[in-house]
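In what follows, a structure is listed as structure tokens, so that the remarks can point back to it.
What follows draws every value from the coordinates through simple rules; no lab data is involved. Keep in mind that this is a model prediction, so the values were computed, not measured. For neighbour counting, all protein chains shown are included, and Cβ atoms are generated from backbone atoms with ideal geometry for every residue, glycine included.
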Amino acid sequence: MKLNLKKVLLAAVLCLPATAFAHPGHGGHGFLDGFVHPFLGLDHLLAMAMVGTLSVLHGRRVWQAPALFMAMLAMGAVAGQGGITLPVLEPMVAASVVLLGLMLALPLRLNETAALGLIGGFAFCHGLAHGSELSSGTSVLAGMLLGSAVLHGLGMLLAHSALRQRQDWARALGQAVAWAGGALVVSTLV
């Protein structure tokens with residue numbers, strides 16, 4: 001079965017109208033609101049899936065990148081709850097999707113320390129973007145962390161089931177995610 005890159009890119013572009021609502025808040029600020037958010041924000045969905053995929057295809061210790069992402073996501077959210085912010089946070093979050101896609105698409109590999117450093121920084125930015133929206137309680141954050149863990153797991157499952165044997169599919173997926181991330185960056189700037 002050949003992966004059609006044009007169809008994957010078209011699907012990513014059709015999802016773009018939802019990007020304006022990537023961080024609209026979290027409803028009633030409960031556990032379920034936090035849990036579903038990673039599945040509804042295209043930036044979060046793609047980043048989580050890529051971290052899981054990269055951990056299987058490029059990491060020596062499969063659990064390390066997702067665990068780091070979860071810890072830094074939580075730290076960023078707590079910092080955001082405390083009022084810390086960055087002026088270009090949304091474009092930085094979108095750019096993380098581009099870079100995660102490129103990490104999968106390009107034949108060159110970063111050393112593990114550099115890759116984990118980038119992943120940790122991306123996670124902190126994702127958390128910071130959500131932290132200012134979170135209520136002071138921990139319920140919505142716990143839900144968001146569980147939803148993120150599920151997406152990491154789905155990315156890992158995809159890598160184990162299909163991408164490990166088909167590097168061309170992995171590269172095509174990385175390219176599609178990088179293009180979608182680029183469109184997300186543009187949507188944050190307009």
Name the single residue, out of those in the stretch 35-78 being farther than 20 Å from ALA95 by Cα and of a type in the set (D, E, K, R), that is surrounded by the most Cβ atoms within 10 Å (Cβ to Cβ).
ARG61
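Table: residues versus (1) surrounded by fewer than 15 Cβ atoms within 10 Å (Cβ to Cβ); (2) of a type outside the set (Phe, Trp, Tyr); (3) more than 29 Å from GLN81 (Cα to Cα); (4) within 17 Å of the chain's Cα centre (by Cα).
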position: HIS130; (1), (2), (3), (4): no, yes, no, yes
position: GLU133; (1), (2), (3), (4): no, yes, no, no
position: GLY143; (1), (2), (3), (4): no, yes, no, yes
position: GLY147; (1), (2), (3), (4): no, yes, no, yes
position: MET156; (1), (2), (3), (4): no, yes, yes, yes
position: HIS160; (1), (2), (3), (4): no, yes, yes, no
position: GLN167; (1), (2), (3), (4): yes, yes, yes, no
Cross-chain or 6+ apart pairs with Cβ under 7 Å, the stretch 103-129 first and closer than 16 Å to LEU57 by Cα, then surrounded by fewer than 18 Cβ atoms within 10 Å (Cβ to Cβ) and basic (Lys, Arg)
ALA105/ARG171; GLU112/ARG60
Provide a single number: the residues in the stretch 40-56 that are without any contact (Cβ under 8 Å) to a residue 60 or more places away in the chain and more than 25 Å from ALA183 (Cβ to Cβ).
0
What pairs come out if I take residues in the stretch 57-86 that are free of Cβ contacts under 8 Å to residues at least 24 places away in the same chain and pair them with residues that are assigned to a helix (DSSP H, G or I) and crowded, with 20+ Cβ neighbours inside 10 Å whose C-beta lies under 8 Å away, six or more apart or interchain?
TRP63/SER55
Quickly run through the stretch 121-141 and pick out the residues that are in a loop (DSSP other than H, G, I, E, B) and of a type in the set (A, V, I, L, M, F, W, C).
LEU134
Would you confirm whether any residue within the stretch 146-161 is touching a residue at least 24 places away in the same chain (Cβ under 8 Å) and either in contact with a Phe, Trp or Tyr (Cβ under 6 Å, 6 or more places away or on another chain) or of a type in the set (D, E, K, R) (or both)?
yes
Subset of the stretch 79-120 that is assigned to a helix (DSSP H, G or I) and over 18 Å from the mean Cα position of the chain (by Cα) - its residue that is surrounded by the most Cβ atoms within 10 Å (Cβ to Cβ):
GLN81
